[in-house]
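One structure below.
The values are calculated or read from the model by the stated rules, or taken from the named source; none is laboratory data. Being a predicted model, the structure only gives us computed values, none of them experimental. Here the Cβ positions follow ideal geometry from the backbone for every residue, glycine too, while neighbour counts run over all protein chains shown.
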Amino acid sequence: MSGSPDDLPFFGDEEAPRPTPREGGIAARAMAARHQAPQQYLEGLNPEQRQAVETTEGPVLVLAGAGTGKTRVLTTRIAHILATGRAYPSQILAVTFTNKAAREMKARVGVFVGEAIEGMPWLGTFHSIGVKLLRRHAELAGLKSSFTILDTDDQIRLLKQLIQAQGLDDKRWPARQFAQMIDGWKNKGLGPSEIQEGDARAFANGKGRELYAAYQERLKTLNAVDFGDLLLHPIRIFRDHPDVLREYYRKFKYILVDEYQDTNTAQYMWLRLLAQRSKGSASSSREDSAYINICCVGDDDQSIYGWRGAEVDNILRFEKDFPGATVIRLERNYRSTAHILGAASHLIAHNEGRLGKTLFTDQPDPDEPKVKVHAAWDSEEEARAVGEEIEALQAKGHALNDMAILVRASFQMREFEDRFVTLGLNYRVIGGPRFYERQEIRDALAYFRVVAQNADDLAFERIVNVPKRGLGEAAVRQIHDVARIRGVPLLQAARDLAGTEEMKPKPRASLRNLVESFERWQGLLDRMPHTELAEQILEESGYTDMWKNDRSAEAPGRLDNLKELIRSMEEYESLRAFLEHVALVMDTDQNAALDAVSLMTLHSAKGLEFDTVFLPGWEEGLFPHQRALDEGGRSGLEEERRLAYVGVTRAKQNLHIWFTSNRRIYGLWQSTLPSRFLDELPEAHVDVVEDGSVYGGYGQSYGGQQPGRPNPYGRSRFDEPGEVFSSPYSTPGWQRAQRNRSEATARNWGTRSGHQVERVGYGEPDSGYGAGRGSVKGRTIEGEFVAKSVSDTPSAFKVGDRVFHLKFGNGNIAAIDGNKLTVDFDKAGQKRVLDGYVERV
DNA sequence: AAGAGGTCCGTTTTT
DNA sequence: CGGACCTCTT
């Protein structure tokens with residue numbers, strides 16, 4: 001085979017087909033279990049699930065709708081393959097996207113097969129399997145198998161250096177942006193020489209390709225890879241070394257892929273290489289079949305990651321890619337009520353280009369509540385009303401753990417958090433900044449990385465002057481120069497430099513001290529428990545002291561995190577093992593013991609379920625998001641709709657959808673229109689709720705009316721009731737939404753922009769909400785329109801003008817700032833609004 | 001080497 | 001508006 005440096009027994013001892021499995025091995029136990037209780041694991045599966053489990057041969061696509069038992073099918077299928085002796089655990093390749101999914105699958109396969117999961121060495125994420133492959137064959141990619149894995153942060157710092165080294169202005173050409181471009185290319189499986197000419201020119205005056213190549217070159221020198229490389233390198237290796245690929249043909253008898261709709265082009269290529277037998281290169285035993293036994297499980301209706309490279313097309317194309325494939329639809333839903341399923345199906349049916357599934361349930365219960373659509377005045381009221389509903393449910397004995405609020409954008413969370421803090425309601429935020437991304441954790445890890453792998457220049461650079469030890473910019477540059485000239489890692493260069501007169505005495509002493517420390521720690525690496533060593537490193541480097549001496553509010557928390565870091569290292573065998581884990585696994589488990597409402601984005605909700613789900617913010621511009629519309633056009637809208645579908649199908653019993661009439665965006669109040677998705681819900685399954693007694697509704701007074709809750713709402717915005725609408729569908733906002741659907745209203749665009757021509761012209765995303773609606777090229781059109789309208793109306797308003805606002809009523813202009821007006825409304829108080837939303841009276 | 005002040009920007013997120 | 005990031009200052 002490949003002749004990798006660490007020639008580990010590549011194919012396990014159960015590799016070669018043998019008449020009987022090793023005694024006591026997993027397969028043996030599984031087979032024994034099968035004899036005792038014949039195919040017990042198949043019981044309880046419905047016919048489609050069972051077919052998906054038992055159709056082991058040839059390509060299979062399982063279209064698994066939300067809540068149809070997808071994971072169960074996957075794990076049972078593995079169990080079935082093992083139990084029937086079709087393959088040994090090491091001959092099954094099972095890939096997932098997230099570590100969480102991989103963990104869950106391991107756990108559930110373990111139930112069937114016994115504890116010894118190490119028998120499934122090829123069950124993991126695309127990336128973790130990529131690492132495994134690459135460590136074996138590193139030299140074929142010009143790397144050593146000890147390569148380090150860079151995270152996004154390292155990647156950006158590296159790119160920034162390269163951009164500057166090219167003499168480019170790194171403000172004009174941000175490294176972050178270039179990192180995204182590189183990610184995009186790598187998602188498509190493209191190396192520097194393969195990218196499109198246009199793409200190559202799009203960055204840094206045509207230097208895109210050159211920079212990309214320089215970056216790859218630099219990574220090679222650093223013996224490092226980024227996440228994209230974990231897929232790309234194996235693809236290259238498979239392509240360029242048919243002998244290596246052949247080993248894997250022989251090895252993997254069954255391939256299983258989870259969440260196939262989320263695969264990007266590179267992942268597709270990777271799978272394809274492993275799954276498709278080119279003529280003549282296949283192993284003799286299966287030469288006649290064109291494809292290996294590949295089973296992809298996914299749901300085209302839940303493809304919500306197009307923006308980060310996922311190709312829904314992969315799943316849509318499956319039958320063409322794998323002729324003769326068996327396609328199995330799982331449509332029997334075990335999660336949600338008939339009303340929720342009805343709503344979800346009707347909504348998603350508005351998408352074109354889907355494979356088509358309709359979820360159904362066997363057990364409709366006449367008492368089930370319909371999906372509820374609520375209207376709120378603004379986001380504050382929305383949060384307040386949702387909070388009350390949650391408290392009411394809690395009072396009825398529902399656990400907070402069974403409830404979730406799913407938002408489109410994370411800024412929406414704030415209002416809910418504020419509200420829950422006031423109410424004293426437990427909540428947990430899922431997603432957001434993660435443990436391993438915190439500054440102190442990354443600093444500590446950088447120390448460990450240098451100790452474990454002293455050529456890790458990026459890590460060295462990160463902490464060379466943290467804590468401050470007088471090694472500023474000048475010193476670092478000096479080290480860099482030496483390293484470059486002599487072609488050695490920074491640590492080595494530092495060691496050399498510390499022994500010369502080239503540096504001023506003070507930094508020199510400091511540098512020598514640091515270098516000696518690293519040498520000392522390296523010497524201890526194999527001599528003491530790694531957790532102790534880690535502690536010692538943080539102590540002796542002065543890192544812990546740095547935070548102890550920091551009197552800022554967050555310092556104690558950071559020290560706690562460092563302790564937590566050390567604690568979490570205990571589970572690993574060695575420092576190296578721990579670092580490998582951290583590089584790939586960025587998530588940490590939440591405190592499951594606490595009973596709390598979950599708060600997260602719709603994206604992070606995929607795969608979860610809750611009895612009660614709240615979906616706030618169903619307004620045009622927010623959901624569907626304006627940017628998805630502007631940049632993604634029709635397919636952008638469809639992805640938003642799939643996101644809505646994902647949200648709806650998270651609910652088991654109760655689903656509450658909310659929209660507000662006003663939302664504050666970038667500090668400005670803006671009128672909002674109900675989301676078009678609301679119109680796409682079937683009336684038969686939806687109740688439009690008028691909870692006027694709970695919240696103000698449209699123009700209703702709500703000052704201190706709530707029993708047992710003394711003035712919880714602050715000021716009353718209205719002194720007298722205004723018009724009360726019978727349902728949100730008859731509100732002005734709703735009606736306006738209907739109008740807007742068919743016609744692009746020039747009124748909105750034309751009058752709201754005032755004096756902001758240059759901002760709009762420069763592409764300022766002021767077009768965000770309300771503008772450009774219904775137009776794929778909103779921004780451009782708006783820009784043209786604005787340019788005209790401004791010359792026509794040099795100044796539309798002046799301070800003191802009496803104006804009318806569709807939502808806030810009458811008021812007087814108190815101040816003008818460009819197109820932003822501060823208006824004292826008679827009833828609604830002082831608000832800042834865009835001039836396009838008011839008219840003079 | 002911290003802090004004031006200025007500028008820019010503003011979905012979604014894994015590995 | 002508010003956060004992140006950067007620069008220039010003391």
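Select from the stretch A:159-168 the residues that are within 14 Å of DNA strand C (Cβ to nearest atom) and either of a type in the set (Val, Ile, Thr) or under 27 Å from A:GLN439 (Cβ atoms) (or both) and list them in ascending order. The answer is A:LEU159, A:LYS160, A:GLN161, A:ILE163, A:GLN164.
Taking every residue in the stretch A:395-413 that is part of a helix (DSSP H, G or I) and pairing it with any residue that is surrounded by 13 or more Cβ atoms within 10 Å (Cβ to Cβ) and of a type in the set (Lys, Arg), at least 6 positions away or on another chain, yields no pair with a Cβ-Cβ distance below 6 Å. Taking the stretch A:1-115 as the region of interest, the helices (runs of 4 or more DSSP H) fully inside it that hold 1 or more residues being modelled with pLDDT under 75 are A:26-36, A:99-113.
Close Cβ contacts (under 8 Å, 6 or more residues apart or on different chains) running from residues in the stretch A:572-588 that are within 8 Å of DNA strand B (Cβ to nearest atom) to residues that are modelled with pLDDT of 90 or more and part of a loop (DSSP other than H, G, I, E, B) comprise A:ASP587/A:THR98.
Each residue in the stretch A:512-521 was checked for being more than 16 Å from DNA strand B (Cβ to nearest atom) and either free of Cβ contacts under 8 Å to residues at least 12 places away in the same chain or surrounded by fewer than 16 Cβ atoms within 10 Å (Cβ to Cβ) (or both), and 3 of them qualify.
Regarding A:GLY191, is this residue farther than 21 Å from A:ILE129 by Cα, more than 16 Å from DNA strand B (Cβ to nearest atom) and among the small types (Gly, Ala, Ser)? So that I can check it myself, show each step before the final result.
Details: farther than 21 Å from A:ILE129 by Cα: no; more than 16 Å from DNA strand B (Cβ to nearest atom): yes; among the small types (Gly, Ala, Ser): yes.
Taking the combined requirement at face value, the residue does not satisfy it.
Selection over the stretch A:130-143 of residues that are within 14 Å of A:LEU219 (Cα to Cα) and within 16 Å of DNA strand B (Cβ to nearest atom) gives a count of 0. Of everything in the stretch A:501-511 that's assigned to a helix (DSSP H, G or I) and among the basic types (Lys, Arg), which residue is surrounded by the fewest Cβ atoms within 10 Å (Cβ to Cβ)? So, considering only residues that are assigned to a helix (DSSP H, G or I) and among the basic types (Lys, Arg), the one surrounded by the fewest Cβ atoms within 10 Å (Cβ to Cβ) is A:LYS506.
Being away from DNA strand C (no atom under 16 Å from the Cβ), closer than 19 Å to A:TRP270 by Cβ, of a type in the set (Val, Ile, Thr) and surrounded by 21 or more Cβ atoms within 10 Å (Cβ to Cβ) holds for only one residue in A:THR96, A:THR68, A:THR75, and it is A:THR96.
For the stretch A:636-651, the count of residues that are of a type outside the set (A, V, I, L, M, F, W, C) and either surrounded by fewer than 16 Cβ atoms within 10 Å (Cβ to Cβ) or within 16 Å of DNA strand C (Cβ to nearest atom) (or both) is zero. Taking A:ALA376, is it small (Gly, Ala, Ser), more than 23 Å from A:ARG676 (Cβ to Cβ) and in a strand (DSSP E or B)? So A:ALA376 does not fit the description; no. Reported count of residues in the stretch A:566-592, each being surrounded by 12 or more Cβ atoms within 10 Å (Cβ to Cβ) and either acidic (Asp, Glu) or modelled with pLDDT under 85 (or both), is 5. Among the residues of the stretch A:382-404, are any within 16 Å of DNA strand C (Cβ to nearest atom) and touching a strand residue (DSSP E or B) at 6+ places or on another chain (Cβ under 7 Å)? No: zero hits. Counting only helices (runs of 4 or more DSSP H) wholly contained in the stretch A:301-356, no element carries 3 or more residues that are within 16 Å of DNA strand B (Cβ to nearest atom). Tallying residues that are surrounded by fewer than 19 Cβ atoms within 10 Å (Cβ to Cβ) and touching a strand residue (DSSP E or B) at 6+ places or on another chain (Cβ under 7 Å) within the stretch A:339-361 yields 2.
Hey, can you tell me all the residues within the stretch A:401-415 that are of a type in the set (A, V, I, L, M, F, W, C) and either at pLDDT below 95 or within 16 Å of DNA strand B (Cβ to nearest atom) (or both)?
Across the stretch A:401-415, the qualifying residues are A:ALA404, A:ILE405, A:LEU406, A:VAL407, A:ALA409, A:PHE411, A:MET413.
Of all the numbered requirements in (1) touching a residue at least 60 places away in the same chain (Cβ under 8 Å); (2) in contact with a His (Cβ under 8 Å, 6 or more places away or on another chain), A:LEU678 misses one, and that requirement is (2). Among residues of the stretch A:626-675 being within 23 Å of the chain's Cα centre (by Cα) and assigned to a loop (DSSP other than H, G, I, E, B), the one that is farthest from DNA strand B (Cβ to nearest atom) is A:THR649.
Here are A:VAL297, A:VAL327: which of them is buried (at least 21 other Cβ atoms within 10 Å of the Cβ) and either at pLDDT 95 or above or over 19 Å from A:VAL131 (Cβ atoms) (or both)? Don't jump to the end; show me each part of the working.
Numbers: A:VAL327 fails: buried (at least 21 other Cβ atoms within 10 Å of the Cβ).
Matching residue, one of A:VAL297, A:VAL327: A:VAL297.
Do you know which residues across the stretch A:160-182 are touching a Pro at 6+ places or on another chain (Cβ under 9 Å) and touching a residue at least 40 places away in the same chain (Cβ under 8 Å)? Correct list: A:ILE163 only.
Residue-by-condition table, conditions (1) out of contact with any Ser or Thr (no Cβ under 8 Å at 6 or more places or on another chain); (2) away from DNA strand B (no atom under 12 Å from the Cβ):
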site: A:SER128; (1), (2): yes, no
site: A:SER145; (1), (2): no, yes
site: A:LEU159; (1), (2): yes, yes
site: A:LYS186; (1), (2): yes, no
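Residues in the stretch A:140-155: is at least one more than 16 Å from DNA strand C (Cβ to nearest atom), over 28 Å from A:LEU93 (Cβ atoms) and under 27 Å from the mean Cα position of the chain (by Cα)? No: zero hits. Restricting attention to the stretch A:393-418, the residues being hydrophobic (A, V, I, L, M, F, W, C), farther than 14 Å from A:VAL613 by Cα and surrounded by fewer than 17 Cβ atoms within 10 Å (Cβ to Cβ) number 3. With respect to the conditions (1) more than 26 Å from A:ARG272 (Cβ to Cβ); (2) at pLDDT below 95, A:ASP288 lacks only one, and its number is (1).
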